[in-house]
Amino acid sequence: MLRVEDLHVAVGGKPILQGVNLHIKPGETHVLFGPNGSGKSTLLGAIIGFERYHITNGKIYFKGEDITSLSVHERAKLGIGIGFQRPPVLRGVSLGDLLKVTGSEENKVDELAESLHLQSFLERDVNDGFSGGEVKRSEMLQLLVQNPDFVLLDEPESGVDLENIALIGQSINQLLEKDGYCGDERCRRKLKEGRNKAGLIITHTGYILDYVPADLGHVLFDGKLSCTGLNPREMLGCIQKYGYADCTHCLA
Amino acid sequence: MQDELRQKAQKALDKSASFGEEIDFNSFNAKEKVHLYLDNLVDLPDEEKKDMLIAGVDVSEKERTGTFIQEDNSVIHASALQDGLEVLNIGEALEKYDWLHDYYWNAVQIDADKYTAKVGLEGESGYFVRALPGVKAVYPVQACMFIGQEGLLQSVHNIIIAEEGSELHLITGCTTGRHVESGMHIGVSEIYVKKNAKLSFTMVHSWAEEVAVRPRTVTVVDDGGVFLSNYVCMRPARTVQMYPTTYLKGQGSVARYHSVLVGHPNTDLDVGSRVVLQGEGSRAEIIARSLTRGGRIVNRGHLVGEQEGVKGHLECRGLMLSPEGVIYAVPELEARVDGVELSHEAAVGKIDQEEIEYLMARGLSEDEATAMIVRGFLNVKVMGLPEELEAEVQKAIALSDESTL
């Protein structure tokens, strides 16, 4: 689904990422850990193509296509979506109007808004006066309407209270086609094999992992992915024990 | 009385206005044709019907409670469609009602500047629109000021009275015929909102590139009265200068000004809104949105608090969509007693790249994203315009929206 090769990214002339390699297959959900300022958001921004993240070297492939020089809009059209950590306020643009333009199945908007308790927000300007939790639910609603094949989530649980984390988790699962219920192992396997949607999630606390099953964890440190491979929950425990710098202990 | 007014006007003929380029009346000396009165609006030429529609005036009179049309300096139509509403030519109204002389050159001073003086000295035409006490108009009365002749000076004097407890909506569309490039429009409007009455006054300017415009409007609001003023100027005009003022005389009276200005290259807009809060508990809000594609826009706002406990807020935002052009925001707050609450916020800049990328990440192209943000910025929805007029305004935005980023 997504392949990042030797990616170097600078922000305002300052190198942030220095050779990131990442491969996410269809159906997989990866989790990105790393200390503040390590460049996690930079990696997401570079994958979606935001202007301020300047790619100095390396390639990004999506569904086999080199997207390194495509615009944000072209990447979105190919099926990449992103949930913002701190999205801007759009004055005079109501959430409902925005969803009308971005969604293909308009009739589902109300239903989805209801599931995220956002019905009364459709009339309001996007993100204007939204609380931390409301911002995150609105991001999830926008993504569910957009329905991308590959989703980037930047701290989906930050600023969200405990009750609403479950709600956010549920909608991430819906987005990643992980919301089907299975009683036995065979069904679970079948579900997994049929799944195509993939995602990359940044989390500091790991709370979201209580709700969203993820396949692989990575630690971004010194501009590179230093530890890759463990189950994200185990990796989180290990980081708590050894710290980000020495996460390699966990892989041994 | 008339002589006294004429004398005052005569003396003020050289008096410059406080703002705006000095206009030489001699550049607009086309000899005017007299246009005949039309009983039936269907008889208007199709071309003119279309031109008027752009400024929000629909001659089919669908969802309208009255129509007034002035072509050049002739009143060609004036009629009311709802009982309790009056739509007359101002001259006729002054003959009909003696008391109207108390309202005539009362809110606006005839010697305010050379433009008011000019209107005072010209043979005047213009509308008199009135809602009788307690009458609530469902739909707006529409008025059109139409310049059909090249190089003409159009002079207009309007009086609007919303009597006690009434509700009146007025849309004034000002426009030129499609072949007209140059002209001048001076419009004096005196507006009276009586006790507990509500008036919404929407003005759409849709002029041509060499037109000079000098409206002079003053509103007086009584106890419990509400005055909502909307102003939209989207199309090029060489120079527009106006500073409509409202005196909130009455207890608990309210005024809200909302203006949307688009500056095109070679367009100079100097537009302000002023509210003087005099009545106990009176409140005012001024909202302005300016966007330039190369023209110069001066956006003024002035709140004057003359009574303890009054509240006013002024919000002025400007968006530069071109490296050319100027947006000059001048918000002013003036407290004349203590205990007034006046505030303002002003911001001028270009579209935030982050907002554009946010929308692009949702699948919009850069142009679509820009258009959406500009539409949101101008947000004509909050003006509460009638649906089709809002659609016209939206269309005007879309037309002037070839992204010049």
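The values are calculated or read from the model by the stated rules, or taken from the named source; none is laboratory data. Computed from a predicted structure; not experimentally measured. Every residue, glycine among them, receives a Cβ derived from its backbone with ideal geometry; neighbour counts consider all protein chains shown. SASA here: full protein model, heavy atoms, side chains in, ligands and nucleic acids out. Shrake-Rupley method; radii C 1.70, N 1.55, O 1.52, S 1.80 Å.
Most mobile of A:Ser138, A:Ser226, A:Ser69 per a Gaussian network model of chain A (Cα springs, under 10 Å)? Highest fluctuation among the options: A:Ser69. Pop out the carbon and sulfur fraction of the accessible area of the range B:111-257 as a percent, whole number, probe 1.4 Å. The C+S portion of the solvent-accessible surface of the range B:111-257 is 46 percent. Taken across both chains, chains B and A shield about 2000 Å² of accessible surface from a 1.4 Å probe.
For chain A, complete DSSP H runs whose alpha carbons reach 18 Å or more along their own long axis and whose mean Kyte-Doolittle score is -1.0 or higher are A:132-146, A:162-175. Once neighbouring chains are kept in place and the probe is 1.4 Å, which whole percent of the accessible area of the range A:2-251 is contributed by carbon and sulfur? Result for the range A:2-251: 45 percent of the exposed heavy-atom area is carbon or sulfur. Buried on complex formation within the range B:355-372 (loss of at least 40 square angstrom of accessible surface versus the isolated chain, 1.4 Å probe, ligands and nucleic acids ignored): B:Glu355, B:Glu357, B:Tyr358, B:Met360, B:Ala361, B:Arg362, B:Gly363, B:Leu364, B:Met372. For chain B, modelled as a GNM whose springs connect Cα atoms under 10 angstrom apart, the maximal fluctuation among B:Met360, B:Met242, B:Met184 occurs at B:Met360.
If you take each beta carbon of peptide A:92-104 and count the beta carbons of other chains within 10 angstrom, what is the mean? If you average over the peptide's residues, the count of other-chain Cβ atoms is 4. Compactness of chain A, taken as the C-alpha radius of gyration over 2.2 N^0.38 Å, stands at 0.99.
Set against the 2.2 N^0.38 Å expectation for a compact globular protein, the protein assembly as shown has a Cα radius of gyration ratio of 1.19.
Using a cut-off of 15 Å between alpha-carbon atoms, which aspartates and glutamates can reach A:Lys14, once sequence neighbours fewer than 8 places away in the same chain are excluded? Those aspartates and glutamates meeting the cut-off are A:Glu51, A:Asp222.
With +1 on each Lys and Arg Cβ and -1 on each Asp and Glu Cβ, how big is the dipole of chain B about its Cα centre, in debye rounded to the nearest 20?
For this selection, approximately 420 debye.
Here the peptides A:13-26, B:304-317 are ranked by packing, the mean other Cβ count within 10 Å, and the order with the highest first is B:304-317, A:13-26.
Across q = 0.14, 0.15, 0.16, 0.27 Å⁻¹, the range B:129-202 modelled as identical point scatterers on its alpha-carbon atoms has Debye log10 I(q)/I(0) values of -0.51, -0.57, -0.62, -1.14, in the order of the q list. Solvent-free Debye calculation, one equal scatterer per alpha-carbon of the range B:177-324: log10 I(q)/I(0) at 0.18, 0.20 Å⁻¹ equals -0.97, -1.11.
For the residue pairs B:Lys11/B:Lys114; A:Lys63/A:Lys108; B:Lys62/B:Lys195; A:Lys136/A:Lys224, alpha carbon separations beyond 18 Å are given by A:Lys63/A:Lys108; B:Lys62/B:Lys195; A:Lys136/A:Lys224. Counting Lys +1, Arg +1, Asp -1, Glu -1, what net charge surrounds B:Phe19 among other residues with beta carbon under 14 Å of its beta carbon? That works out to +1. Normalised per residue, the accessible area of the range B:194-286 is 27 Å², obtained with a 1.4 Å probe and no contribution from ligands, DNA or RNA. Residues whose amide H comes within less than 5 Å of that of A:Tyr53, counting only those at least five positions distant or on another chain, are absent (H built at 1.01 Å from N in the peptide plane).
Partner shielding of A:67-77 amounts to 4, given as the average count of beta-carbon atoms from other chains within 10 Å of each residue beta-carbon. Summed over the residues of the range A:2-251 and divided among them, the accessible surface reaches 46 Å² per residue at a probe radius of 1.4 Å. Which of these, A:Leu99, A:Leu153, A:Leu44, has the largest mean-square fluctuation under a Gaussian network model of chain A (Cα springs below 10 Å)? Residue with maximal mean-square fluctuation among A:Leu99, A:Leu153, A:Leu44: A:Leu99.
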